[in-house]
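The values are calculated or read from the model by the stated rules, or taken from the named source; none is laboratory data. Since the model is a prediction, treat every value here as computed from it, not as a measurement. FYI the Cβ positions are ideal-geometry reconstructions off the backbone, even for glycines, and counts take in every protein chain you see. Ligands, DNA and RNA are excluded from the accessible area calculation, which covers all protein heavy atoms including side chains. Shrake-Rupley method; radii C 1.70, N 1.55, O 1.52, S 1.80 Å.
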Amino acid sequence: MSLRKHSFVVLALLLILALLAACSNQDTTPASPAAQPADVLSPVRTSGEVVADAVVVPARTAALGLPGGGIVAEILVEEGVEVAAGQPLLRVQALRQQAAVAQAEAGVQSATARLAELRAGPRSQEIETAQAAVDAAAAQVQRIEEGAKAEDVEA
């Protein structure tokens, strides 16, 4: 990098740092020992009333979750209402579960049909096809075991 470009880059960085320092809202004066953080504000009395800032913190909380997830179809209780253990709070759309049940039922029907086929035994065409496949495989094994013949090599 040339000296001129290098000088330009350094000048640009210094200008950016100066702008950032000028725009900063932080107070850089050190805190006096008497200054303390005001975590708790003291109440102020005016005309017999107490006025103070406050934050409402719940006494108990509960983490809720669904075992399968899904889209909420209906909320069964109002916010802030006390509920009993085991009381349903919402309903979830059952589309995913219905699809899973239909898929499982189709699997059961397919397995039942296959079981009926196996119990009925093989048909004669299936036996003939299987026997032809076995014969072809045995012939292939025999050709491999015999090795290449001179007439197979000559072309």
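Among residues that are modelled with pLDDT of 85 or more, among the hydrophobic types (A, V, I, L, M, F, W, C), touching a Pro at 6+ places or on another chain (Cβ under 7 Å) and open to solvent by less than 80 Å² (accessible area, probe 1.4 Å), residue 89 is not included. The listed residues are 120, 132, and the only one of them that is free of Cβ contacts under 8 Å to residues at least 24 places away in the same chain and open to solvent by less than 80 Å² (accessible area, probe 1.4 Å) turns out to be 132. Does the stretch 32-53 contain at least one residue that is modelled with pLDDT of 75 or more, open to solvent by less than 100 Å² (accessible area, probe 1.4 Å) and closer than 30 Å to residue 82 by Cα? Taking every residue of the stretch 32-53 in turn, at least one turns out to be modelled with pLDDT of 75 or more, open to solvent by less than 100 Å² (accessible area, probe 1.4 Å) and closer than 30 Å to residue 82 by Cα.
Here residue 97 does not qualify as without any contact (Cβ under 8 Å) to a residue 12 or more places away in the chain, open to solvent by 80 Å² or more (accessible area, probe 1.4 Å) and assigned to a helix (DSSP H, G or I).
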